[in-house]
Amino acid sequence: MIGEERNVQSEGTARRPSLLVVDDERPLLEIFQEFFEESDYDLTIANSGEEAIALLGTQTFDLVVTDLNLPGVDGLTVMSHAKSVDPELEVIVLTGNASTLTAIDALRQGAYDYVLKPFDLYDMERTVQKGLERRRLLSENRQFVTSLQQHRDELSRRVEEATRRMRTLYEVGKEITSNLNLDRTLNLILEKSVELTRARRGMIFLVDEMTGILECDVVRGFDGTESRDEIIAALEPINEKVCGGNEPVLEPISGSAGDLVGWVVPLIQENEVMGTIAVLSHPGSGFSADDQNILVNLASQAAIAIHNARVYGKIQALDRMKSDFVAVVSHEVRTPLTAIKGTLEILSDRNYFEIPEPQVELFDICRTNVDRLETLINDILDFSKLESSKLSTNFELCDLGSVVETVVVHLGNLAEKKALRIERDIAPDLPKVLADDLRISQVVGNLLSNAVKFSDPEGEIRVDVKRSGAGVEVGVRDQGMGIAPEDQAKLFAKFRQLDQSSTRKVGGTGLGLAICKGIIEEHHGRIWVESAPGKGSRFAFWVPCTPAENAGPAAEETPSAGRSPEDASKS
Ligand code: ADP
């Protein structure tokens, strides 16, 4: 026999190649049998096309050698049947000289080769070997392509899964870091930890900032407290390991709740362990490497979110303390100030005392400064009340036209000192507004005194009051220096003075506009400024006739946007 590689490698297992030889000439079949008997093939012979088709239905072959000219079912039919059973089955056709054309036709229809009768048996064996080799290569190629496809499918599945997890992690990260309430943040982190790792239960332990002890803050997936306490106790040594080594730990836990496996990950902020996240699952389901990774990633975002929520909580508490302190101090300062003011009034009253001329001026200076101090204290007190939502408001139906008139009259003196004219443009038939007239007077007073403060002498200030949408708009326009667009947004923030130099000409706390904004918002209205440098400013506010109507024309407007509600309704 020639050739060494006779075994067909099929689906990874080596076996002897099996041949089916089909011919109606018995002697030829016998020669085949004799020749291939000693070789390494399993040879089956068929005397007719019908017999071959029957054999192809019951046995598996690697190669078929068939005569083309068979009586009854011919060789081409045998070949097409063999190909329908196994498309990779190689077929060699035998044909006499006269029928070469039929043999070529057979090649077109899928035969591997043809051999002309009479043939040399060694040549025949070589052709058989080549056919089997081709079959082996085809089979290997198919397996290779299949495994390549599986590999590619697996790879794209993994990429899809990793992308999904990354996206989820990003979304979860965004969600937890956008929340500043500690309780809500912790619950959200635990909910997502359990969900993303497909765990059954979870717990978050945080180091108590006062005692330094690790305590369980939130749990998920527990019905009763019994198994919860047991698991907290069982997790204690694992938590210690995690906190000691700053590394996650995967360990089994057993107890009355059954056997569990726990994946405990440290929450690290600025190189310090601030707590742990523990997720628990049954040993069967466990945690895949992906589950473990995702919790480690989530924990790093969770630590930042918890830290931020804690800091925010502390800032809020400090802010409350500050507001309370400011309120108490201002209140305490106001009492002696009222006494000083009263005493000054009496001391400077010529009905009671004879006052030499130089002292009159000194008393004036004293009175002006006591007034300034009083305004300052009142501003601070109002502001601290606004911050803690304790500013008292007494809502009644009022006519903003007459409220504005009264304020203009009160501030007439102030304007006169700078020879400023105050013009009024108050629309007739204004609707009544449900408002606190004292607080609205305070706002108008503030806007008007700012207009006086920031106007050059001998100028003009115009106050307008008009109906706008379902409310009333009040505007105070001056011819002062105006305000740059980039500064307009800052105006309504507390303690904001555009000129912060120590040499600034006009006094004030920088709280006035912040208080105005607070008061107007309490009325469900809006306040804004329209201004340009060198062209003066118009500070205006809009309040709804009734708070329910605040979805008026200015509903989408933000204060200080520089556009009036009317402008907004026009656009
Ligand atoms: P203050 O008590 O300092 O006046 P406000 O909150 O009332 O505090 O005003 C804040 C700042 O806004 C002022 O210091 C000033 O820079 C600017 N401002 C307010 N009103 C006007 C105005 N009519 N023209 C120009 N600037 C103004």
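The values are calculated or read from the model by the stated rules, or taken from the named source; none is laboratory data. Just so we're clear, the structure is a prediction, and the values are computed from it rather than from any experiment. FYI the Cβ positions are ideal-geometry reconstructions off the backbone, even for glycines, and counts take in every protein chain you see.
Give the residue that is modelled with the highest pLDDT, with candidates limited to residues of region 472-491 that are assigned to a loop (DSSP other than H, G, I, E, B) and within 8 Å of the ligand (Cβ to nearest atom).
In this case the residue turns out to be ASP478.
List, please: which pairs have Cβ atoms under 7 Å, are six or more places apart or on different chains, and start with a residue in region 151-175 that is touching a residue at least 40 places away in the same chain (Cβ under 8 Å) and end with one that is part of a helix (DSSP H, G or I) and of a type in the set (Asp, Glu)?
From residues that are touching a residue at least 40 places away in the same chain (Cβ under 8 Å), the pairs are ARG165/ASP290.
For MET210, all conditions in the list (1) more than 15 Å from ILE189 (Cα to Cα); (2) of a type in the set (A, V, I, L, M); (3) not in a loop (DSSP other than H, G, I, E, B) hold save one; what is the number of the exception?
(3)
Within region 435-458, count every residue that is near the ligand (Cβ under 7 Å from one of its atoms) and of a type in the set (Lys, Arg).
1
What's the number of the condition LEU397 fails, among (1) farther than 13 Å from PHE541 by Cβ; (2) away from the ligand (no atom under 13 Å from the Cβ); (3) surrounded by 17 or more Cβ atoms within 10 Å (Cβ to Cβ)?
Here LEU397 clears every test but (3).
Pick out the one residue from GLY173, GLY202, GLY212, GLY221 that is surrounded by fewer than 11 Cβ atoms within 10 Å (Cβ to Cβ) and under 26 Å from HIS307 (Cβ atoms).
Going through GLY173, GLY202, GLY212, GLY221 in turn, just one is surrounded by fewer than 11 Cβ atoms within 10 Å (Cβ to Cβ) and under 26 Å from HIS307 (Cβ atoms): GLY212.
Among all residue pairs at least 6 apart or on different chains, which show Cβ distances below 9 Å where the first residue, located in region 395-423, is farther than 25 Å from CYS545 by Cβ and touching a residue at least 40 places away in the same chain (Cβ under 8 Å) and the second is in a helix (DSSP H, G or I) and hydroxyl-bearing (Ser, Thr, Tyr)?
Here the result reads LEU411/SER449, each pair linking region 395-423 to a residue that is in a helix (DSSP H, G or I) and hydroxyl-bearing (Ser, Thr, Tyr).
Taking region 301-321 only, how many residues are within 13 Å of ASN181 (Cβ to Cβ), of a type in the set (Gly, Ala, Ser) and either crowded, with 17+ Cβ neighbours inside 10 Å or in contact with a strand residue (DSSP E or B) (Cβ under 7 Å, 6 or more places away or on another chain) (or both)?
Total meeting the criteria: 2.
Out of the residues in region 218-237 that are outside any strand (DSSP E or B) and of a type in the set (Val, Ile, Thr), state the one that is farthest from ASP183 (Cα to Cα).
ILE231
Exactly one condition in (1) surrounded by 15 or more Cβ atoms within 10 Å (Cβ to Cβ); (2) touching a residue at least 24 places away in the same chain (Cβ under 8 Å) is not met by GLY258; state its number.
(1)
Restricting attention to region 101-150, which residues are under 60 Å from the mean Cα position of the chain (by Cα), surrounded by fewer than 17 Cβ atoms within 10 Å (Cβ to Cβ) and among the basic types (Lys, Arg)?
ARG134, ARG142
Please enumerate the residues belonging to region 314-330 that are among the polar types (S, T, N, Q) and in contact (Cβ under 8 Å) with a residue 12 or more places away in the chain.
SER323, SER330
With the checklist (1) touching a Gly at 6+ places or on another chain (Cβ under 7 Å); (2) free of Cβ contacts under 8 Å to residues at least 24 places away in the same chain in hand, flag the one item GLN301 doesn't pass.
Single failed check for GLN301: (2).
Looking only at strands (runs of 3 or more DSSP E) that fall completely inside region 238-357, which ones have 1 or more residues that are acidic (Asp, Glu) and more than 30 Å from GLU374 (Cβ to Cβ)?
Answer list for region 238-357: 249-253, 272-281.
Please work out if ILE238 is of a type in the set (A, V, I, L, M) and modelled with pLDDT of 90 or more.
When the stated conditions are applied, ILE238 passes them.
For ILE204, indicate whether it is in a helix (DSSP H, G or I), touching a residue at least 60 places away in the same chain (Cβ under 8 Å) and within 21 Å of TYR312 (Cβ to Cβ).
For ILE204, the condition - in a helix (DSSP H, G or I), touching a residue at least 60 places away in the same chain (Cβ under 8 Å) and within 21 Å of TYR312 (Cβ to Cβ) - is not met.
Being under 49 Å from the mean Cα position of the chain (by Cα) and either within 30 Å of SER323 (Cα to Cα) or more than 14 Å from the ligand (Cβ to nearest atom) (or both), is that true of even one residue in region 408-429?
No, because not a single residue in region 408-429 is under 49 Å from the mean Cα position of the chain (by Cα) and either within 30 Å of SER323 (Cα to Cα) or more than 14 Å from the ligand (Cβ to nearest atom) (or both).
Please go through (1) small (Gly, Ala, Ser); (2) out of contact with any Lys or Arg (no Cβ under 7 Å at 6 or more places or on another chain); (3) at pLDDT 60 or above for SER564 and return the number of the only condition it doesn't satisfy.
(3) is the only condition that SER564 fails.
Give me the pairs: first residue in region 513-527 and closer than 16 Å to LEU400 by Cα, second residue within 11 Å of the ligand (Cβ to nearest atom) and assigned to a helix (DSSP H, G or I), beta-carbon distance under 6 Å, and six or more apart or on different chains, which are they?
CYS516/VAL443; CYS516/ASN446; ILE519/VAL443; ILE527/CYS516; ILE527/LYS517
Scan LEU298, LEU235 and give me the residue that is buried (at least 20 other Cβ atoms within 10 Å of the Cβ) and under 19 Å from GLU195 (Cβ atoms).
None of the other options fit; the residue is LEU298.
If I go through region 53-67 residue by residue, how many of them are touching a residue at least 40 places away in the same chain (Cβ under 8 Å) and not β-branched (Val, Ile, Thr)?
Looking only at that region, the number is 5.
Quick check on region 492-502. Is at least one of its residues modelled with pLDDT of 75 or more, near the ligand (Cβ under 8 Å from one of its atoms), closer than 27 Å to GLU423 by Cα and in contact with a Leu (Cβ under 6 Å, 6 or more places away or on another chain)?
yes
Based on this model, can you work out whether VAL506 counts as among the β-branched types (Val, Ile, Thr) and either modelled with pLDDT of 90 or more or more than 15 Å from the ligand (Cβ to nearest atom) (or both)?
In short, no.
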